[in-house]
Amino acid sequence: MRISITGKNMEVSDYLSDLVAKKVAKLDKYFPEDTEAIVTMAVEKNRHIVEVTIPYTGGIIRGEEASGDMYASIDNVLAKLERQIVRHRTKLEKNLRAGAFKGGAPAFIPAEEEIAEEEEYRVVKIKRFDMKPMTVDEAMLQIDLLGHNFYVFTNGDTNEINVLYKRKDGNFGLIEPE
């Protein structure tokens, strides 16, 4: 596994970089050798944020944790990622390395913690609505008026379906198809 470590608003020390690389490498048993893990560490006020993104064939596994201590954030995000992998093991095993889940105990999840088996998800509600073309500014107004976290609309400039979403920092993100 190739591990890329970056810092935002902080200098990543060699010790911290080695520690993160060592801990993230424990997830290597679930992925093929050429998989890349992208670790971003940031400090915002008193929050130490660690984000780990692992793109693999067929999808992306991502986790983010924030706490008052960088080491706790690292441990929490890796436990969260491993829980995701274990919880969705049957779906993921089709895309990841075959037999990855047959081996030993998880590295970051405490042994006594019960992992809920994969639930069968289903569509419980279908919404239909008329989509008139609008600008991104009009979509931002709609997202505020509706009080939603995201808004799907037809972009009047490109005539494509776009998704506008609220970010944790209060700004907006826009997803456009390629």
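Considering the range 39-65 alone, what residues qualify as being of a type outside the set (Ser, Thr, Tyr), touching a residue at least 24 places away in the same chain (Cβ under 8 Å) and touching a strand residue (DSSP E or B) at 6+ places or on another chain (Cβ under 7 Å)?
Val39, Met41, Ala42, His48, Ile49, Val50, Glu51, Val52, Ile54, Ile61
Across the range 11-63, what is the total count of residues that are of a type in the set (S, T, N, Q) and assigned to a strand (DSSP E or B)?
Qualifying residue count for the region: 2.
Is there any pair with a first residue in the range 1-22 that is over 17 Å from Val43 (Cβ atoms) and a second that is exposed (fewer than 11 other Cβ atoms within 10 Å of the Cβ) and not basic (Lys, Arg) whose Cβ atoms are under 8 Å apart and which are 6 or more apart or on different chains, and what are they?
Once the first residue is over 17 Å from Val43 (Cβ atoms) and sits in the range 1-22, its partners that are exposed (fewer than 11 other Cβ atoms within 10 Å of the Cβ) and not basic (Lys, Arg) give Met1/Glu33; Arg2/Asp34.
Among residues belonging to the range 64-79 that are in a strand (DSSP E or B) and either at pLDDT below 90 or acidic (Asp, Glu) (or both), point out the one that is surrounded by the fewest Cβ atoms within 10 Å (Cβ to Cβ).
Glu64
The values are calculated or read from the model by the stated rules, or taken from the named source; none is laboratory data. Because the structure is predicted, anything quoted here is derived from the model rather than measured. Neighbour counts are summed over all protein chains in view; Cβ atoms, including those assigned to glycine, are modelled from backbone coordinates with ideal geometry.
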